[in-house]
Structure formats: C-alpha cells, structure tokens
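Data block below; observations after.
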Amino acid sequence: MARQLDPETLLADLDPDQREAVLATSGPVAVHAGAGSGKTRVISRRTAYAIATGVVPADQVLVVTFTDRAANEMVERLRGLGLPGVTARTFHAHALSQLRHYWPVTHDGRPLPELLDSKGLIVSRLARQLPGHYRFTPSKDLSDEIEWSKARRIAPGAYEREAAAARREPPIPVDLFVRVYGDYERAKERANRIDFDDLLVETVNLLEGNGDAAATIRARKRWFSVDEYQDTNPLQQRLLELWLGDREDLCVVGDEDQTIYTFTGATSDYLTGFVARHPGAREITLSRNYRSTPQILALANRLLAAEGRRKQLVATAAPGDVPRIERFADADAEAAHLVASIRRLVGAGTPPSEIAILVRINAQIPPIEAALTKARIAFRVRGQRFFERPEVREAVRIVRRLPAEARGSLLLAAFDARLRSDLGFEAVDQGGGAEARERTASLALVLEIAAEAVAARHDLDREGLVADFETRGAAEAAASAGGDGVNLLTFHRAKGLEWDAVLLPQLEEGTLPIRQAESDAELAEERRLLYVGLTRARRFLSLSWAERRTGAGDREVRRRPSEFLGALVDRPHAGRVTVLPGAPMNAAPSRARSEDSPLMAALRAWRLDAARSDGVPAYVVAPDTLLADIADQRPTTLPALRRVKGMGPSRLGRYGEEMLEIVRGSARD
Ligand code: ATP
Ligand code: MG
C-alpha cells in the first residue's frame, strides 16, 4: 500500500518550513506554530511521508489527537492519502485498548471493569450529603476538581498540600472536598468501575509495574505524533513518556498561545520545555497562516501583542472584508444583527454549515437559538443542548409540581422560590467552579423565559408554562437534528476547527473575560480563548457587544465592552480594522485603576463608617491602595478577596464579608 504513494507528491503543496518538518521523520521534533499555520496538516503529511519512505511501517505509528472527532478526521485524511491502518486516537482511547488487553493478564483473568460514563452519578450522591448550601454544588465542579487532581496524580490524602502549593481553590472547603474525593474513589471501587482518569492512571501503573507488558506494548508502536500538545496534562505526559520508552521518534505540535484547558490541569510547559527534555531535538517554527484573511490576522496579532507576545501570524490568503467590532443598544439588537449577518452570508453563497457562532458559556446559546428559530435559520448545537442540561430538566420538573391554582406573576414567584429552595439558585452568582456559573446562568435564563411567557399571557398556569418549555426544547432538538445548520458552540469546543464565517457576540466584561477570572493567569487564559475564537475564521469575522441586557430577576443591566476589545482597535496607520462610529473602543480597557469609580466611592464611604464605629484611623481599616485593588478586581467570594494584595487574615475576618457586600451591591459599571 505504502509503496504506491509517491513521497514527492506529499511535499508538493507545502511551504519550506512545513516541508522541513515533514522531512524530519526521525528523532524528537517540536513544531511550534500559530493558529492556522498547518500544524495538523504537517502531522498527517509527515506521517504519510515517513510511511511512504519506509521510515516506519503504518501499523507502528500512533498519532495522538485532542478529541475523538479530530482522531477520526486524521484517520480519514490519511486514508485519503492512500494510507489505511494508521492509528490516530486520543490518549484515553489508546490507553483503553491497552488496558482491555492486559487487565485480565494482571488481574487473574478478570475482565477490565466497566467504564463509568461519567463521575456524575456517584459524585452527585456525595454532593447531596454535603452540609448546608454546599449540597447544591454542581457535581460537575466536584468531578472537574477530582479530574484535576488525578491529572496531576494527586491522591485524596495529598490533595490539601498539593492544592495549596498550586494555589488552587477547590469548589467547596478543602476538608469537605478531600472527603468527597476519597468517598468517590471508594464508591467507584466497590461498584467495580473505573473512570476516564483511571484509564490513564491504570495504564501508567501497568507500564511502570509490568516489564513484560511494557516491552510488548512498546514493540507495537514506536513512532509518535501529538497534536495540540500545548494542552497536555502531567498524567498524559507520563503516559507518553512510558509509551516512548528510550526511543526518540516523537513529534509534538502546538501553539502555546492557544492553551485553554489549564483549569483541567493541562499546561503548555511540556511544549515550551520540549527541547530541554530532548536535547538535540529539531525545533521548527511555522509562520505562515493559510486559514484567514490578512484583515482577520491583523486583529489576532494585535491581541497577541497585548499579551506581550512578539509572534506574528503572516497571511497568505487573499484580502477580505475588514472585521467589524459593533456595539448594540441591547441584546435584541445584537440578535437581529446575528440573524441579518447570517442571511447576508447565506445570500452571498456561504453554506450555513460554514458559519459558526462562538460563545463563552453554554447559557449564552438559548437566546441565540430563539432568535435563529424565529428567523427560520437552521442551527446545530455542538455539545450539550440547553434543554437537556440537568438543572434545566430539574427546573421543568419543578414547574410541574407548582400549585395548580397559581397563575401569572404568582406562578412566577412560586417558581422563583422553589428554584431557590430546591435547587439552591441564587440570582447573584456566589462564585464556585465553572459549572456553578453555567448552572446559575442557566437557571437565571429559565426564570427569564418564564417571565417572558407570563408577560405574554398574564393568566399563564403551570401547564401552560410546561408547554412553553417543551415547545422550546423540541425546537432546539429539531433544529439540531438536521445536521447542516449554523454551528453554535463554545470557544473551548472550537479548538482546531475552522469556518468561512465566525460571529463572536457578547464580547463584554463579565462574559469574556468571564466575571470570575481574577488572577493574571486566569485573565491570560480568557484572552487566549478570544485568540482561538478570532483565528477560527477564514474570510468573515464579526465581533459585537450590547450596552444592555436583561439580568437575573428581569433587571436591565448595563454592560461594558470586553477589555480585550481595546487591544484589537487599530492604532493609527498600523492596520486596517474599522471601528464603527460611536463604538467607544477607547473606553474599553476598563481594568485600569479607576480612582473615581462608583465602587471606589462606595468602599471609601463604608471605610469611613467602619473606622468611626471601630474607633480606628481609616487606613487601619484599609489603605487606599487596597481599596483600589478591590475596586479593580471586584472579588465576590472570600477566597478571591483573600488573594487581593494587602488583605491579611485578620482584616479578612473582621471586614471581609462587609467588603464583599459592597462589591456585590455595586453594579458592574
Ligand atoms: P490550529 O492552530 O487552529 O489547530 P493548524 O496550525 O493545525 O491550526 P491546519 O488546520 O493544519 O492548521 O491548517 C489550517 C488551514 O490551512 C487548513 O485548511 C489547511 O488545509 C490549510 N493549509 C495548511 N497548509 C497549507 C499550505 N501549505 N497550502 C495551502 N493550504 C494549507
Ligand atoms: Mg490544528
């Protein structure tokens, strides 16, 4: 098969840097490159080239991808090049196939325990046993934290120390989390199950502890490539090292500016430290971008520069339209703009499946779904659909149990109260993990949908409300069933993908960057998310934000543009990005210290009171610099407040809660 492949044709349409990477078929190789520069293409070509030139037989190759979908695409690409039989898999999938084979050998003939679909069932049972309000902690956040620990090979007993060293805040107090983690591991063992992390843990154990198995496994695959290497976690890295053994045929490919999974334990350190760990490694940088127009890349480059990076994406594509950054008066106006943009694109010949709308959190999707449904535009949600989310299903179940006689606003009040009492809903997000935010936002949206339904029919009863939710859920499912509509997905899921047209709505403070991002590292990850989003677009890119949105409890909330937009604005003579008239882009960098912000004024007023009633000078309560830092960072939880410089434990104990009250009580603008 391989002999039919002419190696020269595999090189024909590559640029010199890509060609160098493809020709480097042996030894350690690191390909660093920006978005859209052909990293994934280099992996498939290099693999094909190595096989075609007899460097490695096809069945000894392993290509590691970030998702199953990317693995399938890789297999297809290689098949397209005339190479069936190459293994392309995620770390998990490959580990699973090895464990299936070796488990009986090392466990008295017993088969590999069944795989837990998700940690959710066990963890949510444990979460419900937590004291007080903690019982509402989403099991996903607890599961994520367990995953983070296992990705770093941290056992329950070592968690407290390691988390402190990593400055990691668990979603619940640390002693409670350690208990949940330990109980989870035991419950899983009793049920004779293993989870996804165990696949990697157990394979590492197998390779470390069983020399014969390790030798056989190593003999099967000896030539490795890893795509998206910037998001590798320590456990995956260890596994990769064990697969590799003392051989050196490893090619890693990645872009540290696209690291967006550090919250799960991943780190770009393995990519940046590759040469140090593999002395003599070839390092190749791809610098030409084949995906996007120069106009789109100009924006991405400015964002990189704002991050202090000197890397530049160099365009090869023909010029296109200048990306727009648009301001709208409210969410409806922005939704109308999305609809109009899609209609215009489709009218001009862009297939709907070549259009994507990217969002920061899932709860942003339903209002967009509603607008598209109304405009009869087919769409496809990639990832979990809103009306299938557990808390949304629970909320609908609650509606079914509301008093039959309650109507209109009474129905709404009863619903609101039950969401609070039964699901722990708080209109003000109390912080916590990523899933807690998603959950709060979903429930707020559920209430908003209910309020809208009541506004339309003042005597609405529970049956009517249930019917309304069911209609929306069915519309979402139906629209998503077609398969070739406009894509709706999160920035995280967009990794590695590309579309002709990309729309990025709601680029606002509190959404991107997400409100809970406080540390520099967290903000940098938010900025990288936007970078990933910008660089998904081939020819059309539209960014937007709205000045007002409906918040929880039907309140109109004023919004500010994302601080990142400030970095995208054209400097005089530096590029060609249009900022529409009136868009206050210059006002965007809002994290600049605002001595005269309303929050600062409120903090000062509170300090005066506190100093008077405690009989101490104002600076003892809190110096100006501390108040200014609080006003900048707007911490909303005690742990976040504790991280503000100058916030010692005694000050935290004496004034922490009051300070948080002031921050929470002050509108975001
Ligand atoms: P990301 O960082 O987003 O994962 P990437 O570096 O992996 O991007 P690819 O997806 O491999 O980039 O390539 C981006 C696009 O450019 C693809 O459509 C690919 O087919 C195309 N491409 C890559 N190299 C070339 C080339 N030499 N000539 C023409 N098109 C190319
Ligand atoms: Mg790629």
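Summary of values
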{"quantity": "Among the candidates ALA52, ALA21, ALA58, residue that is farther than 13 Å from VAL86 by Cβ and either in the same structural domain as PHE274 (by TED's automatic domain parsing) or more than 10 Å from ligand 1 (Cβ to nearest atom) (or both)", "calculated": "ALA21"}
{"quantity": "Selection from the stretch 241-276 of residues that are away from ligand 1 (no atom under 16 Å from the Cβ), under 27 Å from the mean Cα position of the chain (by Cα), over 21 Å from GLU526 (Cα atoms) and in contact (Cβ under 8 Å) with a residue 12 or more places away in the chain", "calculated": "PHE274"}
{"quantity": "Conditions (1) more than 16 Å from ligand 1 (Cβ to nearest atom); (2) more than 21 Å from ALA266 (Cβ to Cβ): number failed by GLY38", "calculated": "(1)"}
{"quantity": "Among residues of the stretch 1-60, those that are away from ligand 2 (no atom under 15 Å from the Cβ), of a type in the set (Ser, Thr, Tyr), in a helix (DSSP H, G or I) and modelled with pLDDT of 95 or more, counted", "calculated": "1"}
{"quantity": "Subset tally (residues that are more than 13 Å from ligand 1 (Cβ to nearest atom), under 15 Å from VAL253 (Cβ atoms) and surrounded by fewer than 16 Cβ atoms within 10 Å (Cβ to Cβ)) for the stretch 277-309", "calculated": "1"}
{"quantity": "Residues of the stretch 265-304 satisfying the condition of being of a type in the set (A, V, I, L, M, F, W, C) and more than 28 Å from LEU543 (Cα to Cα)", "calculated": "ALA266, LEU271, PHE274, VAL275, ALA276, ALA281, ILE284"}
{"quantity": "Filter result for PHE91 (away from ligand 1 (no atom under 14 Å from the Cβ) and either surrounded by fewer than 21 Cβ atoms within 10 Å (Cβ to Cβ) or not hydroxyl-bearing (Ser, Thr, Tyr) (or both))", "calculated": "yes"}
{"quantity": "So ASP249, is it within 20 Å of ARG493 (Cβ to Cβ) and modelled with pLDDT of 95 or more", "calculated": "no"}
{"quantity": "Candidate set from the stretch 129-142 (those that are modelled with pLDDT under 90 and assigned to a helix (DSSP H, G or I)); member that is surrounded by the fewest Cβ atoms within 10 Å (Cβ to Cβ)", "calculated": "GLY132"}
{"quantity": "Contacts under 7 angstrom Cβ, first residue in the stretch 29-49 being open to solvent by 10 Å² or more (accessible area, probe 1.4 Å), partner assigned to a helix (DSSP H, G or I) and near ligand 1 (Cβ under 6 Å from one of its atoms), 6 or more apart", "calculated": "GLY38/GLN18"}
{"quantity": "Qualifying residue in the stretch 61-83 (condition: surrounded by 14 or more Cβ atoms within 10 Å (Cβ to Cβ), within 16 Å of ligand 2 (Cβ to nearest atom), among the hydrophobic types (A, V, I, L, M, F, W, C) and assigned to a strand (DSSP E or B))", "calculated": "yes"}
{"quantity": "Criterion: of a type outside the set (D, E, K, R) and open to solvent by 30 Å² or more (accessible area, probe 1.4 Å) - qualifying residue of PRO635, PRO623", "calculated": "PRO623"}
{"quantity": "Subset of the stretch 94-123 (residues that are open to solvent by 50 Å² or more (accessible area, probe 1.4 Å) and in a helix (DSSP H, G or I))", "calculated": "ARG100, HIS101, VAL105, THR106, LEU121"}
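Yes/no matrix, rows are residues, columns are (1) without any contact (Cβ under 8 Å) to a residue 12 or more places away in the chain; (2) farther than 26 Å from TYR261 by Cβ:
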site: LEU99; (1), (2): no, no
site: VAL105; (1), (2): no, yes
site: PRO113; (1), (2): no, yes
site: ARG128; (1), (2): yes, yes
site: THR137; (1), (2): no, no
site: LYS140; (1), (2): no, no
site: ARG153; (1), (2): no, no
site: ALA164; (1), (2): yes, no
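The values are calculated or read from the model by the stated rules, or taken from the named source; none is laboratory data. What you are looking at is a predicted structure, and each value in this text was computed from that prediction instead of being measured. FYI the Cβ positions are ideal-geometry reconstructions off the backbone, even for glycines, and counts take in every protein chain you see. Just so you know, the surface numbers come from the protein's heavy atoms only, side chains and all, with ligands and any DNA or RNA stripped out. Shrake-Rupley method; radii C 1.70, N 1.55, O 1.52, S 1.80 Å.
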